[in-house]
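Asks: Below: one structure in structure tokens.
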Amino acid sequence: MPTMNISLPEPMRAWVQTQIDDGKYAGNSDYVRDLIRKDQEQKNKIQAMQTAITKGLESGAPQNFDKETFKQRMLDSLENDGL
């Protein structure tokens, strides 16, 4: 696996070492990989939300929502599914 060297100020290095000493990570690389995975997941979630917002904005004018009609439709759906 290719390597990457990074420089950290002492307080950050100490933080990483504390996480390792507490048994949360096997080593520096494990900690950094976990941070990168979490960052990727966060970026994907933000992108999904932005896509949903854009889709909603492009879907046209809002329509009135009748809560009672919706509830009845959901109940009918459950009955039709045998639940």
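Asks: Kindly count the pairs of lysines across the chain whose alpha carbons are less than 23 Å apart, treating pairs on different chains or eight or more residues apart as eligible.
Replies: Lysine pairs, 8 or more places apart or on different chains, close enough: 4.
Asks: From the list (i) 1.21; (ii) 2.04; (iii) 1.09, can you say which value of Cα Rg over 2.2 N^0.38 Å was derived from the structure given?
Replies: It is the one labelled (ii).
Asks: Each label point is 7 Å from the Cα along the Cα-to-Cβ direction; what then is the distance between the points at Gln19 and Glu79, in nm?
Replies: Distance between label points: 5.4 nm.
Asks: Turning to a different aspect of this structure: Let me spell out the model: positive unit charges on the Cβ of Lys and Arg, negative unit charges on the Cβ of Asp and Glu, origin at the Cα centre of the chain. What dipole size does that give, in debye rounded to 20?
Replies: Numbers: 11 positive and 13 negative charges, 53 e Å.
Dipole magnitude for the chain comes out near 260 debye.
Asks: Moving to a separate point now. Once the dipole of the chain is set up with Lys and Arg at +1 and Asp and Glu at -1 on Cβ about the Cα centre, which of Gly60, Tyr31, Thr3 lies farthest towards its positive end?
Replies: Thr3
Every number in this text was worked out from the coordinates using simple rules, so none of it is lab data. Keep in mind that what you see is a predicted model, and the values were worked out from it rather than measured. Because the Cβ atoms are built from the backbone with ideal geometry, glycine has one as well, and the counts that use them run over all protein chains shown.
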